[in-house]
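Report on one structure; see the data block that follows.
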Amino acid sequence: MKNILVTGGAGFIGSNFINHILSKHDDYNIVNLDKLTYAGNLENLIPSQDNKNYKFIHSDITNTELVKFLFEKYELQYVINFAAESHVDRSILSSREFVTTNVLGTNILLDVARIFNVKKFLQISTDEVYGSLGKDGLFTEETPLSPNSLYSSSKASADMLALSNFKTYGLPVIITRCSNNYGPYQFPEKLIPLMIINSLNDKNLPVYGDGKNIRDWIYVLDHCRAIEMVFESGTNGEVYNVGASTEMENIEIIKLILKHLQKPESLIEYVKDRLGHDRRYAIDSSKIQNELGWSPNYSFEDAIIKTIDWYISNKDWWNRIINGEYMEYYQKQYKI
Ligand code: NAD
Ligand code: DAU
């Protein structure tokens, strides 16, 4: 058995990852350590919650003693660190939680992982650590780190701590840096779910600036498969970029969502730009493709429709979130 500590597994990508990995591997034991911030939701894990190889722990990665206790109790050998404050707009309002969880929290996990001689420490990072691109070019693993937001600075700091642990102590660290994800269970503060839900509710769609900022989109399950492959066959001390070569202007996506939902473009509302707004992200993922044989399975055309349809079919999930009722709901449901 592989005993794996997954942190932040109740969030968007972590929950998709756990549901994916447990449906494929019965030799993986997953201990999911999640603080259940506003972004964590145990409902995302319904497909895994009764799996005998799954255990949920409601706590915080900054709690060193608890993390040590988990390593002992569950004989943990591997770490996959998804836990983070993940939303750029929130980091503009206050960076405190970003530094606490993303930097200090990662540092604590690295320290404990060293004490227990883990076999692998996979740090889930982001392409935002590379900063912003002009019209041309792609981020490669060699692109210098140049984060602009408080969020991406905290993630870049965590990456450096992780790589320093590899260089200094030989801790078997690997980093993935993925582009923008979309798919089921994404918290409705992020562009795609926010625009789908506002459209369904006939509310305005706030477009920052001129709407021409570019992101490189990937369906969350393609990201999860990439993490799985890096976890199984990646080389220690290396960074792997993950992306599906799907550059889109924000406004293009918003218009596509409106069209699919047969809603008018008059719902679009141009608003004040995000402070420090990165213009363009685009990923070169040839390293993971050539070295590990990963490639995306989902096209944007199909997966965005699949995603819109998921939000149409799961109104209870997001209504509980936007009405602020979900904490109470799953406190009753899960007795936490
Ligand atoms: P998310 O905000 O949906 O989920 C984060 C999870 O971490 C939540 O369940 C939250 O409760 C948990 N958490 C937060 N602070 C914690 C703490 N101190 N202790 C334990 N748990 C804590 O985020 P996401 O979009 O699923 O992103 C997951 C990871 O992937 C992050 O590290 C993020 O930087 C990275 N990433 C995200 C994207 C994207 O497009 N969403 C792309 C590339 C990389
Ligand atoms: O690139 C990977 C990153 O993608 C991850 O590391 C982050 O965790 C994740 O949040 C995401 O960051 P972005 O800032 O790119 O994602 P967001 O969904 O917040 O915004 C996408 C684009 O849409 C961005 O250009 C800002 C714009 N936007 C966003 C919102 C929420 C709007 O125009 N209006 C909005 O209301």
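The values are calculated or read from the model by the stated rules, or taken from the named source; none is laboratory data. These numbers were taken from a predicted model, which means no experiment stands behind them. Please note: Cβ atoms are built from the backbone with ideal geometry, for glycine as well, and neighbour counts cover all protein chains shown. In case anyone asks, the SASA skips ligands and DNA or RNA and just uses the protein heavy atoms, side chains included. Shrake-Rupley method; radii C 1.70, N 1.55, O 1.52, S 1.80 Å.
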Semi-axes of the equivalent ellipsoid of region 27-150: what are they in whole Å, largest first, if each equals the square root of 5 times a C-alpha gyration tensor eigenvalue?
29, 17, 16
Report the Stokes-Einstein translational diffusion coefficient (µm² s⁻¹, integer) for the chain, Rh taken as the Kirkwood radius over Cα pairs, at 10 °C with viscosity 1.306 mPa s.
78 µm²/s
Most positive-pole-ward Cα, S233, W217, N314, against dipole of region 212-336 from beta carbon charges:
N314
Could you work out how far helix 220-233 tilts from the main Cα principal axis of the chain, as a 0 to 90 degree angle to the nearest 10?
20 degrees
Scoring region 1-134 by relative contact order with C-alpha pairs under 8 Å, at least six apart, yields a percentage of 27 percent
Residues meeting the amide H criterion for L205 (H placed from the backbone, H to H distance under 5 Å, 5 or more places apart or on another chain) are I268, E269
Give me the mean projected area, in nm² to one decimal, of the convex hull enclosing the Cα positions of region 114-178.
4.8 nm²
Residue separation between K263 and H58 times 0.36 nm, minus their alpha-carbon distance, gives in nm 69.8 nm
Can you compute the charge dipole magnitude of the chain about its Cα centre, using +1 on each Lys and Arg Cβ and -1 on each Asp and Glu Cβ, nothing else charged? Give it in debye, rounded to the nearest 20.
480 debye
With the 8 Å Cα cutoff and a minimum separation of six or more residues, the chain has a relative contact order in percent of 17 percent
Please give, to one decimal in nm, the separation of the simple spin-label points placed at Y38 and D50, each 7 Å out from Cα toward the Cβ.
3.4 nm
Carbon plus sulfur, as percent of the 1.4 Å-probe accessible area of the chain, comes to 48 percent
How big is the C-alpha Rg of region 98-216 next to the rule-of-thumb value 2.2 N^0.38 Å, as a ratio?
1.28
What list of ³J(HN,Hα) couplings, whole Hz, do you get for region 279-290 from phi and the Karplus terms 6.51, -1.76, 1.60, once you set θ to phi - 60° and write x for glycine and proline?
7, 9, 10, 7, 10, 9, 10, 5, 5, 5, 5, 6
Compute the label zone of I92 within region 265-279: residues whose backbone N is under 20 Å from the point 7 Å along Cα-to-Cβ.
268-279
For the Cα atoms of the chain, what angle does the longest principal axis make with the long axis of helix 250-260, in degrees from 0 to 90, nearest 10?
70 degrees
How long is the gain from N323 to K2 if the chain were fully straight, where each residue apart is worth 0.36 nm and the alpha carbon distance is subtracted?
111.6 nm
What percent does the relative contact order of region 174-333 come to when contacts are Cα pairs within less than 8 Å and at least six residues apart?
34 percent
Relative to the first principal axis of the alpha-carbon coordinates of the chain, what is the inclination of helix 12-24, with its axis defined by its Cα atoms, in degrees from 0 to 90 and to the nearest 10?
60 degrees
How much accessible area per residue does the chain have, in Å², with a 1.4 Å probe?
42 Å²
When DSSP assigns beta bridges and you keep just the ones with both residues in the chain, what percent turn out antiparallel, to the nearest 5?
5 percent
What full-extension length gain, to one decimal in nm, is calculated for L66 and D273 as 0.36 nm per residue of separation minus the Cα-Cα distance?
70.4 nm
D111 versus Y208, label points 7 Å from Cα toward the beta carbon: distance in nm?
3.3 nm
Could you work out the percent of alpha carbon pairs in region 195-318 separated by over 26 Å, rounded to a whole number?
34 percent
Efficiency of FRET from Cβ geometry, E301 and K73, R₀ 45 Å, rounded to 0.05
0.45
Between region 1-50 and region 102-181, how far is it from one alpha carbon centroid to the other, in angstrom?
21 Å
Under the rule of at least 5 residues apart or a separate chain, name every residue whose amide H is placed under 5 Å from the amide H of G131.
S146, N148
